[in-house]
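Before any comments, here is the structure.
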Amino acid sequence: MKRKVSFIVIACILLTTCTAMASTFSDLNDDHWNWAKASIGDMSRKGVITGFPDGTFRPSEGVTKLHALIMVARLLGVNEKDNETYVELAEEAYKDVLKPFFVSNKREISYLLYKGVLRSDELTQYIAPASYNQVLKRYEAAVLLTKAMGKENDAKNKVMVVLAYQDRNDIPGYAKPYIACVKDEKVNNRSIMGGISDTEFGPMLDVNRATMAVMLYRVMTKNRGVERTTGGVITQIDKDDKEITVQSVIDVVKTYKIDDHVILRLDGRPAELGDLNGNESVKLTLKSDKLYAAEALSPEIDETVEGIVTYVSPSSSRNKRIKLQLDEEDDETIKEYRIDDDVVVVYKGRTSTFKSIDRYDYAKIEVKNGKAKKIEAEPKTKDVDGIVEEMILDTPFKIKIKEDDDTVREYEVLSDVTVRKNDRTSELRDVRVGDEVELTLRYNKVRKIDAEGVKKSLNGTIEEFVISKTPSIKIKKQGKVSSYNVMWDVEIKIDGRYTKDDRYFELYDLRLGYPVELSLDSDVVVKIEAKSMGQTKQMTGSVESYNESYRVINIVVADGVTGATSTHQIFVKDKAKIINSSTSRTIDLDDIEEGDIVTVMGTTDVGVFEASTIVVISR
């Protein structure tokens, strides 16, 4: 293994040294290579494909799979200063994926994974010990170049591919759309990659360095003609319409659609729109004026503060500042922050400017190096609508709601909050998960709640219940299991009664399998009506002991087949009938004696046997 690693390192050193102009390569003087000289020169100057220490280019030498990946990574900017951060993030993101592979230049491989040119499941065919030194075949080059142009989706979307090459049957089926793509994509009326003749493609032929230089040059030219980059800071995210709003460094604000085909990454990793929070810096790649990729970086923030705006510099001031009072009750908590030249301002949920912020507004500021990098401000009072997701009853009370934009936010509830529910004066405990609410905020704290609950009922059987600080119950109906939160003071009714033995029923009295009807206020259970599922049972045995106070008797029962004995504990109901069979008269529990032979009839419920009738057979 060590020999293999050393060979790869040496090969990569040769690949990365001796950059020279094509005209100075000693082995390109032959007119045979005139068709490739210009491309070799351009790719050499840009450091994409370079020469060897002896001053040669070796145009006829085959390009190994590993070298091909390195060249494509260079073509796509792995060594460009503007991409340094993205390359570092890619290395970190794919460190574990590349750990099993003993190759150098993992930096370039990571970058190709990041750019979507490679997938992790393709690594074995490129950089495994048996693969990395194999010379790239022409059909493999077609696949790689298509990806380098960002055209893989176009290739995959080709419903039917008909290639006119006579050797088309030699082409692997999966590669045919890619070959069609590099043939159709042209630069100066020349295909990115054509056949070796008008009638043959030569899929299994090796790719040499001269041919690779020409194809890479054409890909670079094609990308440069249709591709441009821009960027800025994400100031707004619309998850419903799948859009982001970006403010550029020159304060140009533009909205971009994040369609399914757009490559979206956050901090070097594949991401979804929901992973973005706003204020990320972003580099946008557009191809033919359509967004192709959005590469976002989380902001580097020292702290986030929020409070009441007590001072704002005039918008014409050269050194803009803002002061916040972090605690409404304490004047000693006022802090001052300088405003960054590239500050992002969001006012009332929309991209705005610094001059929109007023004294006594409520603001949240992201601070870096003592400067405000982003300011989100709202008027001191505002209303927000949503659905209650959670009530947090620890001090201070908090309410979590899903707002109209599907964002879940948490707000502290003031101790003197005013609550109305269903147009009636209510208390905070009457607000349930699932209620539609309008919150009135003062400095981002809830001072008033208007709630609308929806009363409904449903039935099923108890599948599971959890008794905790926030109890819940799972109900099964027609094979479907649903879970509901339960009010801590839920009303419970079993077999038509609310009480047993002079106490109210509690959750502990419910049993799995009980049929129940639940009454819900929005999504919270406020009443449970259950029916017990006792099973009729009868057993005969000898009285071993009894406890009159607890109305419990223990009887020993013998198995009719094996003769083995077992002891059973039986609870005697208050109104149970106890009959002496010899006299046919009713007796009391304390009339039973140890050793009596009795027949007990009653019901079992979750392992508990309750006797309704006891017949003393003999004594």
Which one is nearest to I322 (Cα to Cα), of the residues in segment 344-355 that are crowded, with 17+ Cβ neighbours inside 10 Å and more than 29 Å from the chain's Cα centre (by Cα)? F354
When you go through R429, R503, R442 one by one, which is the residue that is under 20 Å from K527 (Cβ atoms) and within 33 Å of the chain's Cα centre (by Cα)? R429
Condition first: under 30 Å from P314 (Cβ atoms) and at pLDDT below 90. Can you find one or more residues in segment 356-363 that meet it? no
Suppose we keep only residues that are touching a residue at least 24 places away in the same chain (Cβ under 8 Å) and of a type in the set (D, E, K, R) within segment 406-428. Which one would you say is least open to solvent (accessible area, probe 1.4 Å)? K421
Can we say I578 is under 30 Å from K531 (Cα atoms) and in contact (Cβ under 8 Å) with a residue 40 or more places away in the chain? no
Does segment 594-608 include one or more residues that are open to solvent by less than 30 Å² (accessible area, probe 1.4 Å), modelled with pLDDT of 90 or more and not in a strand (DSSP E or B)? yes
Return the residues of segment 374-405 that are open to solvent by less than 70 Å² (accessible area, probe 1.4 Å), charged (D, E, K, R) and in contact (Cβ under 8 Å) with a residue 60 or more places away in the chain; say none if nothing qualifies. K374, E378, D405
Apart from one, (1) more than 30 Å from Y86 (Cβ to Cβ); (2) open to solvent by 40 Å² or more (accessible area, probe 1.4 Å); (3) out of contact with any Ser or Thr (no Cβ under 7 Å at 6 or more places or on another chain) all hold for I334; the odd one out is (3)
Would you please list the contacts, defined by Cβ atoms under 8 Å and residues six or more apart or on different chains, that run from a residue in segment 341-355 that is at pLDDT below 85 to a residue that is open to solvent by 20 Å² or more (accessible area, probe 1.4 Å) and of a type in the set (D, E, K, R)? D342/K373
List every residue pair whose Cβ atoms sit under 8 Å apart, with the two residues 6 or more apart in sequence or on different chains, where the first one lies in segment 591-615 and is closer than 13 Å to I555 by Cα and hydrophobic (A, V, I, L, M, F, W, C) and the second, anywhere, is at pLDDT below 90 and open to solvent by less than 50 Å² (accessible area, probe 1.4 Å). V600/F609; F609/G602; F609/T603; A611/G602
Within segment 26-49, tally of residues that are surrounded by 16 or more Cβ atoms within 10 Å (Cβ to Cβ) and either modelled with pLDDT under 90 or among the small types (G, A, S) (or both): 4
Among the numbered criteria (1) open to solvent by 40 Å² or more (accessible area, probe 1.4 Å); (2) of a type outside the set (K, R); (3) free of Cβ contacts under 8 Å to residues at least 60 places away in the same chain, which one does D509 miss? (1)
Any residue in segment 317-337 that's closer than 15 Å to T304 by Cα and among the aliphatic types (A, V, I, L, M): show its pairings with residues that are assigned to a strand (DSSP E or B) and open to solvent by 60 Å² or more (accessible area, probe 1.4 Å) at Cβ separation under 6 Å, as long as the two are six or more apart or on different chains. L324/K335; I334/K323
Report whether or not T229 is open to solvent by 20 Å² or more (accessible area, probe 1.4 Å) and more than 30 Å from K374 (Cβ to Cβ). no
All-but-one check, S316 against (1) open to solvent by 20 Å² or more (accessible area, probe 1.4 Å); (2) at positive phi, failing number (2)
Residue hits (segment 483-498; part of a strand (DSSP E or B), open to solvent by 60 Å² or more (accessible area, probe 1.4 Å) and of a type outside the set (F, W, Y)) are S483, N485, D489, E491, R497
If you go through I587, I528, the only one that is in contact (Cβ under 8 Å) with a residue 12 or more places away in the chain and either buried (at least 17 other Cβ atoms within 10 Å of the Cβ) or under 30 Å from V388 (Cβ atoms) (or both) is I528
Out of all the residues in segment 266-277, which are among the small types (G, A, S) and either open to solvent by 10 Å² or more (accessible area, probe 1.4 Å) or modelled with pLDDT of 90 or more (or both)? A271, G274
Which residue is nearest to Q134 (Cα to Cα), if the candidates are limited to segment 66-78 and must be open to solvent by 10 Å² or more (accessible area, probe 1.4 Å) and either among the aromatic types (F, W, Y) or in contact with a helix residue (DSSP H, G or I) (Cβ under 7 Å, 6 or more places away or on another chain) (or both)? H67
Search segment 240-256 for residues being assigned to a strand (DSSP E or B) and open to solvent by 60 Å² or more (accessible area, probe 1.4 Å), and hand back the single one that is nearest to K402 (Cα to Cα). T255
Scanning segment 429-452 for residues that are open to solvent by less than 50 Å² (accessible area, probe 1.4 Å) and either in a strand (DSSP E or B) or touching a helix residue (DSSP H, G or I) at 6+ places or on another chain (Cβ under 8 Å) (or both), the one nearest to A363 (Cα to Cα) turns out to be L441
Residues located in segment 534-563, provided they are assigned to a loop (DSSP other than H, G, I, E, B) and closer than 12 Å to I592 by Cα: E548, R551
Could you please find all residues in segment 180-201 being in contact with an Asp or Glu (Cβ under 7 Å, 6 or more places away or on another chain), in a loop (DSSP other than H, G, I, E, B) and not acidic (D, E)? I192, F201
Could you tell me which numbered condition K480 fails, if it satisfies all but one of (1) touching a Lys or Arg at 6+ places or on another chain (Cβ under 9 Å); (2) farther than 30 Å from R551 by Cβ; (3) charged (D, E, K, R); (4) open to solvent by 60 Å² or more (accessible area, probe 1.4 Å)? (1)
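The values are calculated or read from the model by the stated rules, or taken from the named source; none is laboratory data. As the structure is a prediction and not an experimental result, all values here were calculated from the model. Note: ideal-geometry Cβ built from the backbone for every residue, glycine included; neighbour counts use all protein chains shown. We work out accessible area using only protein heavy atoms, side chains counted, and drop any ligands, DNA or RNA first. Shrake-Rupley method; radii C 1.70, N 1.55, O 1.52, S 1.80 Å.
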